[in-house]
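One structure is given below, encoded as structure tokens.
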Amino acid sequence: WGGGAARTQGGRGNNGCRVGESILVTGMSQNLSRGSDTPLSAGTSILDGYVPQMDATIVTRMLNAGAVIAGKAACEAYCISGGSNTSWTGPIHNPHRRGYSAGGSSSGSAALVASGEVDMAIGCDQGGSVRMPAAACGIVGMKPTFGLVPYTGILGMEPNIDHTGPTTTTVADNALLLEVLAGADGLDTRQHSITVERYTEALGKDINGLRIGVVEEGFTHPGGDAVVNAKVRAAAERFRELGAEVADISIAAHSSAGALTFLLVQSMVETTFSTDGYGTGRRDLMAPDFLATHRRWRDRADELPVTAVLLMLLAKHMQNQVGYSLYAKGVNAVTGLRAAYD
């Protein structure tokens, strides 16, 4: 799956992350360690040979916690796919059955964790790119609360929906890694009023009184699977048996949540291509060397994946038809949807 993985053994570090634990970071992160000669490709041949000159904040935090980083996983080309067949290094097969999708866009991360090649991995999520691969591979993928985990040093797509989070085999390991990753870094302008907790302390506690809402709209969307729906219902019932308060709730906006990604497509194209990878108007830490390297896409447009070309055409069509008004509506809708969930 495009990442050289190695499992090593060790004890626990002082701040909870297992020393010697193999953690694999997706191709989205800026770098693993300064001077490590670990290239970043973001799933595209256009970035072939590029080696970042900085660490992502979360990479530094993992290293400081005693993690051993095994390498970078393959991801979908520019992370614009929910499948696992667009990376320039080749398709990423589901570890449970070759020839089937591992999900995307953090496909390599999920496949490596599910296959046991690494203990933990990092993925990025704008429209399901951590959660879908985790679901396809039968593991645990976390999309943290917006801004909880800093995105500094990671190639973003749209600052209103950029998330990065842990992919693990168990909930316990997910909580452990989230403790290491979470918290403000003073550099990421996506972060506001961040509250970090000791997530591992909640493990093993009874769940009497825990309130769980089961969103009805999640069971009625087109393409839903009856078997999956039944499994989710059974899990909710099991939580009820264990003492949780489980209630069916309705969030009407949930039904159209998936479409919001496409309303933000103009900003995605501007960030990824028009400005060569970072966007403008933000006070985030930037990587001038990356911008200079990624500029080559303009001379190698024939190497762009069809998914990127589709987004470019869609963004241009939207601009020609309505300007940026749909983008503005999308940003407001994201804020409204977040409030509805809360």
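Below are the figures for this structure:
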| item | result |
| --- | --- |
| Condition check for Gly141: farther than 23 Å from Ala56 by Cβ and in contact with a strand residue (DSSP E or B) (Cβ under 9 Å, 6 or more places away or on another chain) | no |
| Region 139-191: number of residues that are part of a strand (DSSP E or B), among the hydrophobic types (A, V, I, L, M, F, W, C) and at pLDDT 95 or above | 1 |
| Lone unmet requirement of (1) at pLDDT 95 or above; (2) under 24 Å from Thr44 (Cβ atoms) for Arg282 | (1) |
| Residue among Phe262, Phe290, Phe239 that alone is of a type in the set (Phe, Trp, Tyr) and more than 24 Å from the chain's Cα centre (by Cα) | Phe239 |
| Complete set of residues in region 191-214 that are without any contact (Cβ under 8 Å) to a residue 40 or more places away in the chain, of a type outside the set (Phe, Trp, Tyr), surrounded by 14 or more Cβ atoms within 10 Å (Cβ to Cβ) and closer than 26 Å to Ala257 by Cβ | Leu210, Ile212, Gly213, Val214 |
| Residue count for region 62-117, restricted to those that are part of a strand (DSSP E or B), of a type in the set (Gly, Ala, Ser) and within 24 Å of Thr307 (Cβ to Cβ) | 3 |
| Residue in region 281-288 that is over 28 Å from Arg190 (Cβ atoms) and either crowded, with 16+ Cβ neighbours inside 10 Å or charged (D, E, K, R) (or both) present | no |
| Sole exception among (1) touching a helix residue (DSSP H, G or I) at 6+ places or on another chain (Cβ under 7 Å); (2) over 21 Å from Met286 (Cβ atoms); (3) surrounded by fewer than 19 Cβ atoms within 10 Å (Cβ to Cβ) for Ala134, by number | (3) |
| Any hit, region 293-305, residues being of a type in the set (A, V, I, L, M, F, W, C), at pLDDT 95 or above and surrounded by fewer than 12 Cβ atoms within 10 Å (Cβ to Cβ) | no |
| Output for region 47-62, where each listed residue is β-branched (Val, Ile, Thr) and crowded, with 24+ Cβ neighbours inside 10 Å | Thr57, Ile58, Val59 |
| Filtered residue count, region 225-264, keeping only those that are under 23 Å from His163 (Cβ atoms) and of a type outside the set (A, V, I, L, M) | 6 |
| Candidates Ser325, Ser250, Ser274, Ser256, filtered to the one that is among the hydroxyl-bearing types (Ser, Thr, Tyr) and touching a helix residue (DSSP H, G or I) at 6+ places or on another chain (Cβ under 7 Å) | Ser250 |
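Here is a yes/no grid of residues against (1) in contact (Cβ under 8 Å) with a residue 60 or more places away in the chain; (2) more than 12 Å from Glu158 (Cα to Cα):
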residue	(1), (2)
Ala257	yes, yes
Leu264	yes, no
Val269	no, no
Asp276	no, yes
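The values are calculated or read from the model by the stated rules, or taken from the named source; none is laboratory data. These figures come from a predicted structure and were not determined experimentally. All Cβ positions, glycine included, derive from the backbone under ideal geometry; neighbour counts span all protein chains shown.
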